[in-house]
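Below is one structure, written out as structure tokens; comments come after it.
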Amino acid sequence: LVGLTAAENPTGEVFHLKQAPAGSVVVEKNVCKSVHTLRDIRSSTECIFRASSSGFSAADFKDGVCQIIKLETLAFNESNECDFKNEIRAGPDEVFLSENFESQLTKAIYLHAYKNSSSGRTGSIQTLTVNETGCYRMEALGARGGSSNSPVYTGGFGARIGGSFNLTAGTQLSLVIGQRGSDPSESSSSGPSGGGGGTFVYRSSDNLLYLAAGGGGGGAAGFNGRNGSAGPNGSGSVGSVSASYIGSGGASGQPGSYGPSLSSWRGGLGAGWLGAANARTSTCSGDRGGGIGQGWVGGVATTHSNVGAVGGFGGGGGGSHSIGSSGAGGGFSGGGAG
């Protein structure tokens, strides 16, 4: 997921508040709203005070009737679920006035949520053109890794990262929205799952990176997947066979790597911003996730059986046949695998 807030509406799905000809307030359906009507209000000043003191967003006063309206839009929690809500206000301790709802709302915060374009290892790079020069707040969430089926060992959560950036009108952004790593195809298997894809926001003209949120590693065989990284280095793998099977996360934009073991049953490595890892040497292993040069495609699973699972779009690695070898997540620096 990518959230974008700005002083003015960029292109894309937006919410909008307007005043209808009859004077009533009309809010489009994709905005959560709560409308209360207060009677025996003596003035517009009293109406505005009641709205502000009650935490409402907008006020409309006409013929002694005060309508106060709470506007909310969805936000995201750490599990990438859309269940928190952000209140839309004109400003600190301010409300929208009935006579200029339209002009005030364009100065308020707008949230644009861009979701993954598909599922699995393939997806589309979405684009957004900035219509107005200004300071923009952007937030990105990586995708979760896959989970084993029986018993269930869950994939790691994707990282969350945000920042504010000065963007000029006409700037086109490329949005790679990471997709969840797949679960094993056999319902009775505790076999390896796919790594989650990373989420990236960068300038289309020259690939200037703004945000990178790492995807979570796949879970399997006694271990939950590692959470994705929001920092410069990727997460390593987990396991209990021996240290030689533990893969290391990449550093400073590089892809992840394997441990020193020469096993042919490895999970696919996660891609980094500066490229994808070396391709697998055995079809018993899951393959690496693709970087920007490979269109961010997720890694394929082992071809040895139907147990393994593919990595998510955004550079997630594919799962192996061996029950402990799940795929790693993609990110600014890719995740390691064993």
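Which residue pairs have Cβ atoms under 7 Å apart, sit 6 or more places apart or on different chains, and have a first residue in the range 279-301 that is over 11 Å from residue 311 (Cα atoms) and assigned to a loop (DSSP other than H, G, I, E, B) and a second that is of a type in the set (D, E, K, R) and open to solvent by 10 Å² or more (accessible area, probe 1.4 Å)?
So the pair list comes out as 279/287; 279/288; 280/287; 280/288; 285/266.
Cβ-Cβ below 8 Å, separation at least six or inter-chain, first residue in the range 45-57 and under 12 Å from residue 94 (Cβ atoms), second crowded, with 23+ Cβ neighbours inside 10 Å and polar (S, T, N, Q): which pairs?
Pairs found: 51/57.
Given the criterion out of contact with any Lys or Arg (no Cβ under 9 Å at 6 or more places or on another chain), of a type in the set (Gly, Ala, Ser) and open to solvent by less than 20 Å² (accessible area, probe 1.4 Å), identify the matching residue among 291, 217.
291
To keep it simple, each residue is scored yes or no on (1) modelled with pLDDT under 90; (2) over 27 Å from residue 247 (Cα atoms); (3) crowded, with 18+ Cβ neighbours inside 10 Å.
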position	(1), (2), (3)
133	yes, yes, no
145	no, no, yes
150	yes, no, no
153	yes, no, yes
157	no, no, yes
164	yes, yes, no
181	no, no, yes
190	yes, no, yes
205	no, yes, no
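Give the number of residues within the range 126-150 that are outside any strand (DSSP E or B) and over 25 Å from residue 183 (Cβ atoms).
Filtering the range 126-150 for residues outside any strand (DSSP E or B) gives 130-133, 142-150.
Cutting the leftovers down to over 25 Å from residue 183 (Cβ atoms) gives us 130-133.
Of the residues in the range 126-150, 4 are outside any strand (DSSP E or B) and over 25 Å from residue 183 (Cβ atoms).
Taking the condition of being modelled with pLDDT of 85 or more and of a type in the set (A, V, I, L, M, F, W, C), how many residues in the range 111-129 meet it?
2
The values are calculated or read from the model by the stated rules, or taken from the named source; none is laboratory data. Worth saying up front: this structure is predicted, and the values here are computed from it rather than measured. Cβ sites come from the backbone with ideal geometry, for glycine too, and all protein chains shown count toward neighbours. The protein model used for the area step is the full one, side chains on, heavy atoms only, and it has no ligands, DNA or RNA in it. Shrake-Rupley method; radii C 1.70, N 1.55, O 1.52, S 1.80 Å.
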